[in-house]
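Read through the structure below, which is laid out as structure tokens, and then see the notes.
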Amino acid sequence: MAFSSLIFLFLFFPIVIFCNYVIQQKLRNFFLLIASLFFYACGDLKSIPIILTSIILNYFFALFIDKAKEKKNLSKFIMIIMLVFNVGLLITYKYLASNISFLNNILHFNLTVPKWSLPLGISFFTFSAISYCLDVYFQACSADKNFFNVALYISFFPKLISGPIVKWTTFQTQLSERKFDINNFSKGVERFIIGLAKKLIIADSIGVFVDNVYNRGDFSSISVSIAWFTTFSYMLQLYYDFSGYSDMAVGLGKMLGFELDENFNYPYVSKSVVEYWSRWHITLGTWLKHYVYTPVFRALSKKKNIRTGKKINIKTCDYISLLVSWCIIGPWHGAGLSYLIYGLFFCFFIICERIFENYKKQRTKMGRELKFNFITKEILPHIYLIFVVDIGLMIFRSVSTRYAISFGLSLLGLNKNNFFNSSDMLYFSQYFRTFIVGIIGSIPIIPFVKNKIVKLNRGKLIFSLFKILILIVLFIVSISYTVTTTYNPFIYFNF
Amino acid sequence: MKKIISTFFLFTIYFFSFFTLKSQCTNIDVLIKNTSKANNNIKDFSKKIEEILKDGFFHKNDVINFYGLSERFLGRRLSSDGNYYRDTSNLMHYDFPVYNIEKFYNDNDSLSNYCRKNNIPYLVLQVPERATFGDDLSKYFYPDYTTNYVPIFKEKVLKNNDLYLDVERVLKEKKLKPTEIFFKSDGHMQTTTELIEVQEIVKILMNKGIKFYKSEEILDFENPNLYEKEYRRFLGNFGYQYGKLYLGTDKFYYYIPKFETNIFRINKDGFPLTDSNNFRISMLNGAFNNKKNWQYFIIDFLNFPEPYVEIDNNFAVNGPNILVFIDSMSMRAVTYLSLMCKKIIVLDPRQFNEENNYFKKIKKNNFDAVITFVGHSMLNTGLTYE
């Protein structure tokens, strides 16, 4: 059940919101848990036993880790079992079938390929569960004895299928102390409508064109100009699809009294890959920083080099920790080799940027500071970022490495393809306005305009009225899209 | 101020939820009963509910107009999943499939042989394609059809010494605009254009010595003493789905004879398809049931789609007996042709299969003429299955 479906908007959600405000406060968490499990069942009934097993086992893992906190080795042992279970669950359902097929194809094995499907949202609820247990292990919090609280944290429906990956410590306090006021509710409504419009009006519309090109398979027939237009369009589609979902999740959370973490902060205005990843899928980046990068970095920095006997260089620790993190981020999205390449592709640029930053610092120390003008400081880094992300997402979108290479060749005009085909103008004219609207919405132009208007006399009132009008129009148009168009699941439902 | 948006949001979702469910509760009741008996899981059930909500959404036709407005604002001409396009003059186009045309060519040759052997005039009518009326899209989406199939087919027909009517040429001579010839929101021709077809057919066949019933009088379609001209607003099969504001509406004309008629239709087994012999009811069935509905009115003619329809005109006892092969492109032309003929047998080859070969069954009839209306959807069919 997607947030943009009619069954969610006009059946599930009205019931949930009504009951949430009508029933007694002490029953609300239990009610939301039941609603969340029903929501999950509507999307993937077969995987209900998997999510329930994950909830029950992680609840006990956390309790045991908490009880054994005085005995370090025991708590570490339970933590390792917890990691083996959760990571094993991910590997089993996400990678096993495709890896066996891969082995059968490459090494001509005759292994039976399991026929189970990927449980909905497994990457997200597993990461939430790991986060809870690791927070208990690192003694950032103690285990919650209330099973329903833990179950609701893992399965809370606004964030269950595609995040944001909220930390337990953030969520726990809201289980007992939630704000229910009209201001918060209204903010939630605004975010929800914006997210709905992002998904239906921009992402799905551009998606028709992007899918049309990517589903061709033979990329030699597409011109260089359409190839670039497609990759830039996909950047917008993915951003609007995923940030639209996140906006809706945050909005729903607010309407139910929860504050979920932000997942996006205008990523395409970044001027480096490092900055981009601090603005794109923020909660995944934060999760990996907390639970992968930092522990690996700490562990490495304590170790000594076998040859020299000296401690490993801080920079080397940093690069290795980054490599480990990115080897997780890529495959976290999917089982194909292209996802691993996607992760390593960004890792390469991040390490390059780190090296360049270190070089700049060295030059500054030596009194030979590198000097930048407006173009080299503001324009060129931005162009560099857009092209790196564009190519990265082209790899991400391609169904296999072979497709990615073929598409890459078409981008460069090396696929015996023309620079421009006669039918290209049709595509440009069809999607040009949506593309422009997409670009405008992906840069912080609205906050800028708001700041300018608010400073004027009665500016706040004018802005509020204008905003209400726009939101009402967007909501009505979005409903018309849900009624008219065919079902388009969110891209991140696949992960 | 903040209350406004919350109130509007809640009001909207509860309002549509209540009225949509109210109108669809019978469907949902049936669905619940069926689902509890069957082995369907909750996922199928929720999918089915989604379909029910989508189909029966409260004031669906009005709601999707907002979709249309938004698409217009975004300058989109594409209205479907990549198959339908709208050109600069507001006409819808279909991205043509690749044809397997050999079967059609061969069947046309055998039909031509059959007519020659039995000394029956065989008229091939080339239905005009909107793309050939000079819009830019033709070179993208109609290359094979307009540059290959039509000229090659014409050459074959002329080689067989069959009669050939190029309607496109006639319409271009009359200097009609594409929007006057075709619907904006649908692939079909306007009624007025199909009436020009009828006039041309009668002219050609009369030259071959065929006498039509009161042709001079009946062909005067614009005579207000003979026909009452009524119109409906029409959305076409694309527009009905995608919103009238997006595609714009067409005027769809009905020409209702003021003179007395006695026509009825029967099916392949000889059973009447209508309970009246009045042209208005028997030939335009359903057209007057709901004047406000933006329906796809092509289906109101000849009870489309049927593989076999026989039209008997009891007044035109001296009129000709004609066999026609058509697809939906000329439903109205044949409807009005029937006013001047004693009998018309209408075969739609798109509905044929090996067992369902109606031509084999009727080829011994004494036809005065055979007409094939060649439009793009006919090219993937076989005519005779011999």
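The values are calculated or read from the model by the stated rules, or taken from the named source; none is laboratory data. Everything numeric here is computed off the predicted structure, so don't read it as measured data. Backbone-built Cβ (ideal geometry, glycine too); neighbour counts: all protein chains shown.
The residue list A:L469, A:L409 contains one member that is at pLDDT 90 or above and within 14 Å of chain B (Cβ to nearest Cβ), which is A:L469. Selection over segment B:5-16 of residues that are at the interface with chain A (Cβ under 7 Å from one of its Cβ atoms) and surrounded by fewer than 16 Cβ atoms within 10 Å (Cβ to Cβ) gives a count of 1.
Considering only segment A:351-400, how many residues are more than 15 Å from A:M235 (Cβ to Cβ) and surrounded by 15 or more Cβ atoms within 10 Å (Cβ to Cβ)? Within segment A:351-400, residues that are more than 15 Å from A:M235 (Cβ to Cβ) and surrounded by 15 or more Cβ atoms within 10 Å (Cβ to Cβ) number 4. Looking at A:F171, is it aromatic (F, W, Y), crowded, with 21+ Cβ neighbours inside 10 Å and more than 20 Å from the chain's Cα centre (by Cα)? It is false that A:F171 is aromatic (F, W, Y), crowded, with 21+ Cβ neighbours inside 10 Å and more than 20 Å from the chain's Cα centre (by Cα). In segment A:41-54, the residues that are more than 8 Å from chain B (Cβ to nearest Cβ) form Cβ pairs under 6 Å with partners that are in a helix (DSSP H, G or I) and of a type in the set (G, A, S), at six or more places apart or across chains, as follows: A:I48/A:A41; A:S54/A:A129.
This table checks each residue for (1) without any contact (Cβ under 8 Å) to a residue 24 or more places away in the chain; (2) assigned to a helix (DSSP H, G or I); (3) not aliphatic (A, V, I, L, M).
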residue	(1), (2), (3)
A:T92	yes, yes, yes
A:W116	yes, no, yes
A:D135	no, yes, yes
A:F148	no, yes, yes
A:A151	no, yes, no
A:K159	no, yes, yes
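Report, ordered by the first and then the second residue, all pairs with beta carbons closer than 7 Å, sequence separation of six or more or different chains, a first member in segment A:250-273 that is within 22 Å of A:F31 (Cα to Cα) and in contact (Cβ under 8 Å) with a residue 24 or more places away in the chain, and a second member that is assigned to a loop (DSSP other than H, G, I, E, B) and among the basic types (K, R). Pairs found: A:G257/A:R178; A:G257/A:K179; A:F258/A:R178.
Of the residues in segment A:259-281, at least one is of a type in the set (A, V, I, L, M, F, W, C), modelled with pLDDT under 95, under 16 Å from the mean Cα position of the chain (by Cα) and over 28 Å from A:I379 (Cα atoms).
For (1) modelled with pLDDT of 75 or more; (2) within 12 Å of chain A (Cβ to nearest Cβ), each residue gets a yes or a no:
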| site | (1), (2) |
| --- | --- |
| B:G68 | yes, yes |
| B:F96 | no, no |
| B:I120 | yes, no |
| B:L125 | yes, no |
| B:P143 | no, yes |
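Within segment A:281-318, if we keep just the residues that are free of Cβ contacts under 8 Å to residues at least 40 places away in the same chain, hydrophobic (A, V, I, L, M, F, W, C) and surrounded by 14 or more Cβ atoms within 10 Å (Cβ to Cβ), the residue that is farthest from A:S128 (Cα to Cα) turns out to be A:I312. Taking segment A:205-231 as the range and being in contact (Cβ under 8 Å) with a residue 24 or more places away in the chain, of a type outside the set (G, A, S) and buried (at least 21 other Cβ atoms within 10 Å of the Cβ) as the test, the residues that pass are A:I206, A:F209, A:V210, A:F219, A:I222, A:I226, A:F229, A:T231. Taking the numbered list (1) within 17 Å of A:V213 (Cα to Cα); (2) more than 34 Å from the chain's Cα centre (by Cα) in turn, A:R363 passes all entries but (1). Only residues that are modelled with pLDDT of 85 or more, assigned to a helix (DSSP H, G or I) and over 20 Å from the mean Cα position of the chain (by Cα): list them for segment B:149-195, please. Within segment B:149-195, B:F153, B:K154, B:E155, B:K156, B:V157, B:L158, B:K159, B:R169, B:V170, B:K172, B:E173 qualify.
Among the residues in segment A:83-95, are any at pLDDT 80 or above and over 21 Å from A:I154 (Cβ atoms)? Yes, because at least one residue in segment A:83-95 is at pLDDT 80 or above and over 21 Å from A:I154 (Cβ atoms). For segment A:425-446, a residue qualifies if it is more than 10 Å from every other protein chain (Cβ to nearest Cβ) and more than 16 Å from A:V269 (Cα to Cα), and exactly one does: A:F428. A:I34 falls short of the stated requirement of being farther than 30 Å from A:F475 by Cβ and at pLDDT 90 or above. When A:L196, A:L252, A:L284, A:L175 are checked against the criterion of being farther than 30 Å from A:N417 by Cα, within 11 Å of chain B (Cβ to nearest Cβ) and in a helix (DSSP H, G or I), a single residue qualifies: A:L196.
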